[in-house]
Amino acid sequence: MVKETPKTAKAPRTADMWAVQCDKCFKWRTVPSQEEYEEIRSKFKQDPFLCSKKPNVSCDDPADIEYDSTRTWVMDKPNIPKTPTGFKKRMVMRKDFTKMDVYYTTPTGRILRSSTQAASFLDANPQFKGLSPSDFSFASPKIMEDTIPQNVVRKGLPGILD
Ligand SMILES: [Zn+2]
């Protein structure tokens with residue numbers, strides 16, 4: 001499936017690297033931008049990603065990146081709508097790594113944190129009438145437990161500290 005990889009070694013608690021898995025050889029390929037990643041993800045079911053979609057790359061080439069715990073990996077569901085033009089989508093990891101909070105910034109600078117907020121924003125702003133609440137997805141990606149840094153204190157999850 002399609003995945004995002006926030007690197008958590010330094011400050012950013014948001015994804016700074018994007019990768020997709022080839023449907024044929026299962027190698028991971030990095031994607032240079034969030035926009036390109038979202039484009040692939042938005043139609044992942046109808047149009048699965050293949051190594052050959054990257055310029056000058058084939059399934060015979062070594063993977064760009066390996067799935068391991070040197071980074072924290074989070075996995076998106078396939079077919080999440082592309083962020084509408086002018087909006088910005090951010091996903092921020094909570095300090096205890098229990099969840100990523102998803103929000104959009106609108107072109108007018110508002111922050112939307114739920115479908116309900118998206119719906120009322122669209123109602124109140126007829127200039128975006130081409131959009132519907134289904135153009136926004138607030139689904140949190142799945143955080144891969146085995147890639148969480150060891151020193152993270154997770155509330156309510158005993159036994160993870162050594
Ligand atoms: Zn491949």
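Table for the structure above
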{"item": "The chain - share of DSSP beta bridges that are antiparallel (%, nearest 5)", "result": "100"}
{"item": "Residue 33/residue 150 FRET efficiency (R0 22 Å; Cβ-Cβ; nearest 0.05)", "result": "0.10"}
{"item": "Percent accessible area from carbon and sulfur atoms, the range 72-162, protein chains only, probe 1.4 Å", "result": "54"}
{"item": "Normalised alpha carbon radius of gyration of the range 108-147 [divisor 2.2 N^0.38 Å]", "result": "1.52"}
{"item": "For the range 72-162, convex hull volume per residue from C-alpha positions, Å³", "result": "104"}
{"item": "Given charges at Cβ of Lys, Arg, Asp, Glu: the range 72-162 dipole, positive-most of 103, 147, 128", "result": "128"}
{"item": "Stretchable slack from residue 14 to residue 114, in nm (0.36 nm times residue separation minus alpha-carbon distance)", "result": "34.2 nm"}
{"item": "Debye, to nearest 20: dipole size of the chain, +1 on Lys, Arg Cβ, -1 on Asp, Glu Cβ", "result": "520"}
{"item": "Modelled FRET efficiency - R0 35 Å, residue 127 with residue 64, Cβ distances, 0.05 increments", "result": "0.30"}
{"item": "Residues of the chain: accessible area per residue with a 1.4 Å probe, Å²", "result": "58"}
{"item": "Span from the the range 115-139 Cα centroid across to the the range 16-91 one, whole angstrom", "result": "26"}
{"item": "Computed [θ] at 222 nm, deg cm²/dmol, the chain (DSSP H ≥ 4; -39,500 (n - 2.57); rounded to nearest 500)", "result": "-3500 deg cm²/dmol"}
{"item": "Translational D in µm²/s for the chain (Stokes-Einstein at 20 °C, 1.002 mPa s, Kirkwood Rh from C-alpha pairs)", "result": "125"}
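The values are calculated or read from the model by the stated rules, or taken from the named source; none is laboratory data. Predicted model only: the values in this text are computed from it and were never measured. Because the Cβ atoms are built from the backbone with ideal geometry, glycine has one as well, and the counts that use them run over all protein chains shown. Accessible surface is based on the protein model in full, side chains and every heavy atom, while ligands, DNA and RNA are left aside. Shrake-Rupley method; radii C 1.70, N 1.55, O 1.52, S 1.80 Å.
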